[in-house]
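The values are calculated or read from the model by the stated rules, or taken from the named source; none is laboratory data. These numbers were taken from a predicted model, which means no experiment stands behind them. Methodologically, a virtual Cβ is constructed for each residue, glycine included, from the backbone with ideal geometry; neighbour enumeration extends over all protein chains shown.
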Amino acid sequence: MDVSQYLEIFIDETNEHLQNLSDCIMSLEKEPENMDTINEIFRAAHSLKGMAGTMGFKRMQRLTHDMENVFQEVRSGNMNVTSGLVDVLFQCLDAIEAYLDNIKESSDEGTDDNEAIIQELNDILAAGTGNVPEEKKAPVEKPQEKQEDGKHSKKYLDIEFSEKEKEELKDAESKGLNIYGITVYIQEECLLKAARAFLVFKAVEDYGNIVAYNPSSQDIEDEKFGCDFSFYLVSETELDKFLEVSKAVSEIAEVVGEKIEYSQLTAAEEKKEAAEAKEAAEIVKKEDKNEKMAVNSEAGGAAKSAPPATKKSSPGKPVTSRTVRVDIEKLDALMNQVSELIIAKNSLVSIGSNSDGGVVGVNSQAFHEQIEYLERITTGLHESVMKVRMVPIESVVQKFPRMIRDLSKKLGKKMELYMTGEDTELDRTVVDQIGDPLQHLLRNSADHGLESAEIRKKRGKPEAGSIHLNAFQEGNNVIIEVSDDGNGIDTETVKNKAIERGLITPEQGEALSQKEIIDFLFMPSFSMAKKISDISGRGVGLDVVKSNIEALGGDVEVKSVLGEGSKFIVRLPLTLAIIQALMVEVRGEKYAISLGSIETIEEIMAEEIKYVQTKEVIHIRGMVIPLIRLDQLLDCEPEEKERNSFTVIVVRKGDKSAGLIVDELNGQQEIVIKSLGKYINNSSKIISGATVLGDGEVALILDVNTLF
C-alpha cells in the first residue's frame with residue numbers, strides 16, 4: 001500500500017493550516033484576549049497534529065501537540081498571551097514549514113527534533129501555569145476498553161485461507177516461526193483509515209511477514225472496509241512487540257491478537273465449514289415457509305434500513321469548502337486545446353471573408369450563422385477556462401503581514417502593513433511567479449523607504465511607518481501598488497552614486513530627468529545600502545523585480561517625492577495565453593496590439609503634426625501626445641511619397657499616452673499568444689510574441705508598454 005496517494009492532500013491542507021495559524025497569531029498579538037482567535041488557533045494546531053500523526057510524521061506531530069498544550073491552557077484562562085509567546089509560536093510555524101519543505105522534496109519530515117523550540121514551549125507552559133509541563137510528568141496510560149465487552153472480538157478467526165496461504169503458514173511453523181492472528185480497531189472518527197492500516201503494516205513488517213489479510217490488501221488500500229481489519233503474520237518475535245507497535249500508531253483504538261497453532265487454524269476452518277453447511281440447511285427450510293411472510297419480512301427489513309440512508313444526508317451541516325484542486329498541467333493542456341479551437345475558428349472566418357461566390361457562398365446565411373455560433377462557443381469556453389485559471393492574489397500576499405512583523409523587530413522600526421484588493425484575480429501562472437518581486441518591494445520599503453523613529457518624529461510623522469499594498473484591475477491588466485510614507489528616493493544621491501560608478505559623467509547627470517535617475521536603481525548590483533545585511537545591501541533586488549515582472553509581460557514604474565514617500569506600480573497582464581487584439585498593418589506586415597492598451601483611434605491630417613523639442617506630437621482634446629512612427633521603430637522601408645492623413649492609435653500606460661502611426665487597420669480579433677523563444681534578437685522588447693492568423697500567416701504582437 002502506498003501512502004503517497006494522500007501526500008498531496010496532506011501538503012495542501014498543511015499549507016492552509018499554516019497560513020491560518022499565521023494570520024490568527026498576528027491577530028492574537030493585537031487582541032490577546034480574543035477567544036474566537038484562540039479557539040481557531042487551538043483547532044488548527046489540533047488538526048495539524050492529527051494529520052501529521054495520520055501520515056506518520058512523528059516530529060511534526062510532537063511539535064504541534066506541544067503547541068496545542070499551550071493553547072489549551074490559554075483557552076482555559078490559565079495563561080496570558082505575551083509577545084514572547086507569539087515569537088515562539090512563529091518559530092514553531094517556521095519549524096513546521098521546514099518539515100513540510102522536507103516532505104515536499106523527499107516525502108520524509110527530516111531528522112530535526114526542534115528540541116530547543118519544544119523546550120521553550122514547555123518552559124512557557126510551566127511559567128504560565130505554575131505546573132510542570134505534561135512532557136516532564138510520568139506518562140499515564142489511558143485505560144483501554146475491556147476486551148470482554150464484546151466490542152473488540154477476535155475477527156482474525158474469520159479469515160479464510162487460500163491453499164497457498166495454508167502452505168505458507170504450515171511451512172513457517174515447521175521452520176520454528178510463530179503464527180499470530182491480529183485484529184486492529186481504528187477510531188471511528190478517523191478520516192484516513194487506509195493510511196492508518198498502512199502504518200500498522202509498515203510497523204509490524206519490521207519484525208515479521210504478513211501472510212493473509214481480511215479484507216484484502218487492495219480493499220484496505222481503497223478504504224473499502226469498516227473500522228477494523230485483521231491479518232496473520234509469521235515471525236520469531238514475541239506477540240507483545242506486534243501489539244505494542246500497532247497500538248503506537250495514532251488513532252488506533254485497540255489491538256487484539258494471539259499465538260495460534262497451525263492445527264488450530266485448520267480445525268477452526270473445518271468447524272466453520274460445518275457451521276456454514278448447517279446454516280445453508282436452515283435457509284432451505286425457511287424457503288418452504290409462506291412467501292407472503294418472506295415478502296413482508298423483506299419489506300420490514302428495507303423499512304428498517306431506510307432511516308440510516310436518510311440520515312446520511314445532513315442538510316444542516318455547513319459546507320466547509322466547495323473548491324476542487326486541479327493540477328495546473330491539466331489546465332495548461334485544456335488551454336492549449338482552446339487555443340487550437342480559436343485558430344480553427346479564425347480559419348473559418350478567413351474562408352468566409354475570402355469566398356467569391358463558390359460553394360461557401362451558396363448558403364452564406366447559414367454559413368455565417370455557424371461562424372457566429374462557433375465564435376460564441378469558443379469565446380464562452382475561453383472565458384470559462386480563464387475563470388478556472390484565475391486565482392485571487394490573496395494566496396501570495398497573505399504571508400506578507402508576518403514578514404513585515406519580523407522586519408519590524410529586526411530593523412528596530414515600527415511599521416504597519418495595510419493591504420487592499422486581495423481578492424483581485426490573476427492568471428495562476430502569473431500569481432505563482434509574482435510573490436518574490438512583491439516581497440522584494442516590501443522589504444525595500446521597510447529597509448530603505450521608512451526612516452528611523454527619531455527622524456520621523458523630527459519630520460512630524462507618526463512613529464510607526466505605513467506600507468500599503470493595493471491591487472486592482474484596470475482593463476486587461478492588474479495593477480499592484482507598493483507604497484510607503486518614508487523618505488522617498490533621493491535622486492541627487494542616486495545620481496552621485498551613478499557618477500561614482502562611472503555609469504555617467506557629471507555633465508550627463510545634469511541633463512537626466514527624475515525617471516532616468518531612478519532607473520539606475522533597477523540596474524544589476526546597484527545598491528544604495530550603506531552596509532550589507534541579511535535584508536539588503538548586495539545590489540540584488542530591484543533588478544530582479546524588473547526582470548521577473550517583464551518576463552511576465554508586465555512592467556514596473558516608480559513615483560517618489562523626497563521626504564514624503566515612494567510608490568512602486570506593477571502592471572501585469574490578466575492572462576498570458578489569449579487576448580483581444582487590434583490587427584494593424586505596417587508596410588504590408590501584420591501586427592497585433594492588445595485592446596487593453598488602446599485608448600482611442602484617431603484620423604489626423606499631416607498639418608496637425610507639431611514639434612516639441614524636435615519630436616513629433618499631436619494635440620487631441622486638450623492633451624499633447626507624442627507620436628511614434630511604427631515603420632521607423634520597426635526599421636521598415638520608408639514610403640515613396642508623403643501622406644496627407646495618418647491613422648493614429650492612442651495607447652496608454654498609467655497616466656502616460658502615445659500615438660502610434662500605422663498604415664491600415666484590420667479589425668479586432670481574439671488571438672493566441674505564442675512565445676518566440678530565442679528565434680529573434682529583440683533588444684527593444686517591443687515584440688512580445690507572435691500569433692497564427694486564420695490564413696496561416698504569422699503576425700507579431702507589439703507590447704506598447706515598452707514604448708514609455
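Take residue 84 and tell me if it is farther than 28 Å from residue 202 by Cβ and either small (Gly, Ala, Ser) or assigned to a helix (DSSP H, G or I) (or both). Step through it out loud before you land on a result.
Details: farther than 28 Å from residue 202 by Cβ: yes; either small (Gly, Ala, Ser) or assigned to a helix (DSSP H, G or I) (or both): yes.
Here the answer is yes, as residue 84 does meet what is asked.
When the range 191-235 is filtered for residues that are in a loop (DSSP other than H, G, I, E, B) and either among the hydrophobic types (A, V, I, L, M, F, W, C) or in contact (Cβ under 8 Å) with a residue 40 or more places away in the chain (or both), the ones remaining, listed by number, are 191, 192, 225, 227. A Cβ distance below 6 Å, combined with a sequence gap of six or more or placement on separate chains, defines the contacts here; from the range 475-495, residues that are farther than 26 Å from residue 512 by Cβ reach residues that are in a strand (DSSP E or B) and among the aromatic types (Phe, Trp, Tyr) in the pairs 479/472. Count of the range 420-430 residues, restricted to those that are surrounded by fewer than 22 Cβ atoms within 10 Å (Cβ to Cβ) and in a helix (DSSP H, G or I), is 2.
Scanning the range 531-569 for residues that are modelled with pLDDT under 85, of a type in the set (D, E, K, R) and in a loop (DSSP other than H, G, I, E, B) gives 531, 534, 538.
Kindly check whether there is at least one residue in the range 25-33 that is in a helix (DSSP H, G or I), over 22 Å from residue 126 (Cα atoms) and either among the aromatic types (Phe, Trp, Tyr) or not assigned by TED's automatic domain parsing to the domain that holds residue 124 (or both). Within the range 25-33, none of the residues are in a helix (DSSP H, G or I), over 22 Å from residue 126 (Cα atoms) and either among the aromatic types (Phe, Trp, Tyr) or not assigned by TED's automatic domain parsing to the domain that holds residue 124 (or both). Hey, any hits in the range 76-92 for a residue that's surrounded by 14 or more Cβ atoms within 10 Å (Cβ to Cβ), more than 30 Å from residue 245 (Cβ to Cβ) and touching a Pro at 6+ places or on another chain (Cβ under 7 Å)? For the range 76-92, residues surrounded by 14 or more Cβ atoms within 10 Å (Cβ to Cβ), more than 30 Å from residue 245 (Cβ to Cβ) and touching a Pro at 6+ places or on another chain (Cβ under 7 Å): present.
Does residue 2 satisfy the condition of being acidic (Asp, Glu), touching a helix residue (DSSP H, G or I) at 6+ places or on another chain (Cβ under 9 Å) and modelled with pLDDT of 85 or more?
Judged against the criteria, residue 2 is not a match.
Looking at the range 434-473, which of its residues are without any contact (Cβ under 8 Å) to a residue 40 or more places away in the chain, under 28 Å from residue 655 (Cα atoms) and not polar (S, T, N, Q)? Selection gives 435, 450. For the criterion of being within 17 Å of residue 603 (Cβ to Cβ) and surrounded by 11 or more Cβ atoms within 10 Å (Cβ to Cβ), residue 697 fails. Restricting attention to the range 444-472, which residues are buried (at least 20 other Cβ atoms within 10 Å of the Cβ), assigned to a helix (DSSP H, G or I) and not hydrophobic (A, V, I, L, M, F, W, C)? Of everything in the range 444-472, those that are buried (at least 20 other Cβ atoms within 10 Å of the Cβ), assigned to a helix (DSSP H, G or I) and not hydrophobic (A, V, I, L, M, F, W, C) turn out to be 444, 445, 448, 449, 456.
To keep it simple, each residue is scored yes or no on (1) within 25 Å of residue 406 (Cβ to Cβ); (2) at pLDDT below 85; (3) acidic (Asp, Glu).
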| residue | (1), (2), (3) |
| --- | --- |
| 17 | yes, no, no |
| 25 | yes, no, no |
| 41 | yes, no, no |
| 54 | no, yes, no |
| 61 | no, no, no |
| 67 | yes, no, no |
| 75 | no, yes, no |
| 90 | yes, no, no |
